[in-house]
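One structure is given below, encoded as structure tokens.
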């Protein structure tokens with residue numbers, strides 16, 4: 001089996017892994033800071049620098065491994081396909097490989113979670129997005145619009161709703177709730193909460209840190225916290241169902257991944273209930289792998305149903321988006 005390099009390029013971190021011709025876990029992993037996204041100003045240059053910083057240390061040694069392919073799942077690739085093509089060309093010139101593939105990090109996350117097969121993957125963390133890929137290559141991205149316009153049901157959404165409920169209680173505009181004491185314990189004086197929320201320059205991430213408190217108090221029976229978690233589950237269910245409707249199919253595999261799954265049954269129980277009424281069969285499955293696993297799969301196999309959404313550059317060729325052969329059958 002050929003050596004390959006898989007890269008998960010996010011806005012916070014960039015992780016690269018080398019599989020040196022064998023199955024199982026990667027032989028080497030290296031992580032560096034991420035990049036602001038391909039659609040951002042100077043996004044290609046920042047992504048190029050981050051990927052090289054993550055990948056080149058993997059390729060040292062004697063003899064130095066020469067990967068047959070490098071696949072990068074990059075934040076912002078879906079919104080900036082020309083930038084993805086440019087990045088692929090730059091990496092092909094700078095890395096000792098015959099092929100570079102660039103796609104969205106959401107696509108590599110989907111491929112990893114469902115083992116390269118079709119279905120819907122709901123990724124929930126600070127943000128929330130559902131990616132659906134159908135047997136015919138159809139693609140649906142639902143939500144993922146960021147903390148100001150979307151990401152409904154996400155960690156940032158839950159945390160912000162909990163903090164709003166705490167401040168209503170503090171002001172006397174809303175009912176008493178244990179969320180106020182929890183907010184004081186985590187962030188201090190409620191009058192300083194707006195400052196605390198923006199202290200590290202990432203208010204969404206800071207708000208998301210309060211989501212576990214909201215879930216804990218919901219499990220303990222706090223009325224306001226319970227309503228927030230119930231509404232979050234409903235919003236996430238709508239996101240999954242919208243993706244499922246857009247890609248069609250008689251029966252769909254659905255996987256829920258991401259750090260917010262750590263909230264456990266207070267969130268996942270009502271979310272499963274929200275999916276139960278869908279007229280078509282939805283088969284809930286545990287994730288089979290991570291985004292790096294998905295990038296490795298796409299590096300090795302251009303026949304996956306994700307291929308219409310992958311930019312590939314090969315030595316002595318121009319960037320292309322190949323038409324895939326017949327995709328593999330869906331997971332039984």
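Quick note: the coordinates plus some simple rules give every number you see, no bench work behind them. Keep in mind that this is a model prediction, so the values were computed, not measured. Ideal geometry is used to build each Cβ from the backbone, glycine not excepted, and the neighbour counts take in all protein chains shown.
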For this session: Kindly provide the helix-only [θ] at 222 nm of the chain, computed as the sum of -39,500 (n - 2.57) over DSSP H runs of four or more divided by all residues, to the nearest 500 deg cm²/dmol?
Result: -12000 deg cm²/dmol
Seminar exercise, completed: the range 61-134: relative contact order from alpha carbon pairs under 8 Å, six or more residues apart, as a whole percent, is 29
For this session: Round to a whole angstrom and tell me the spacing of the C-alpha centers of the range 93-135 and the range 4-69.
Result: 15
Seminar exercise, completed: The simple spin-label model distance between residue 223 and residue 49, using points 7 Å out along Cα→Cβ, in nm, is 5.4
For this session: Take every DSSP beta bridge with both residues inside the chain and express the antiparallel ones as a percent of the total, to the nearest 5.
Result: 60
Exercise. On a 0 to 90 degree scale, rounded to 10, what angle separates helix 81-94 from the longest Cα axis of the chain?
Worked result: 50
For this session: List the equivalent ellipsoid semi-axes of the range 109-166 in whole Å, largest first, each obtained as the square root of 5λ for an eigenvalue λ of the Cα gyration tensor.
Result: 28, 11, 6
Exercise. Roughly speaking, what is the stretch gain from residue 173 to residue 199, that is 0.36 nm per residue apart minus the C-alpha to C-alpha distance, in nm to one decimal?
Worked result: 6.8 nm
Problem set entry | the range 128-285, relative contact order [Cα under 8 Å, separation at least 6], % | 26
For this session: Work out how much length residue 316 to residue 231 would gain on full extension: take 0.36 nm times their residue separation and subtract the Cα-Cα distance, in nm to one decimal.
Result: 25.3 nm
For this session: Pop a pseudo-label 7 angstrom from the Cα along the beta-carbon direction at both residue 265 and residue 278 and give the gap in nm to one decimal.
Result: 2.4
For this session: Under a 10 Å cutoff between Cα atoms, tell me which one of 153, 24, 174 has the largest fluctuation in the Gaussian network model of the chain.
Result: 24
For this session: Calculate how steeply helix 265-276 sits against the longest principal axis of the alpha-carbon atoms of the chain, using the helix alpha-carbon long axis, and give the answer as 0 to 90 degrees to the nearest 10.
Result: 70
For this session: First check a/c for the range 181-221, with a ≥ b ≥ c the square roots of the eigenvalues of its C-alpha gyration tensor; if it is under 1.5, answer rounded, and if not, answer prolate when a/b is larger than b/c or oblate otherwise.
Result: oblate
Exercise. How much length is gained if the chain between residue 27 and residue 79 is pulled fully straight, taking 0.36 nm per residue apart and subtracting their Cα-Cα distance, in nm to one decimal?
Worked result: 15.5 nm
Exercise. Relative to the first principal axis of the alpha-carbon coordinates of the chain, what is the inclination of helix 291-300, with its axis defined by its Cα atoms, in degrees from 0 to 90 and to the nearest 10?
Worked result: 20
For this session: Take peptides 159-166, 63-70, 215-222 and line them up by average Cβ neighbours within 10 Å, highest first, as a rough protection proxy.
Result: 159-166, 215-222, 63-70
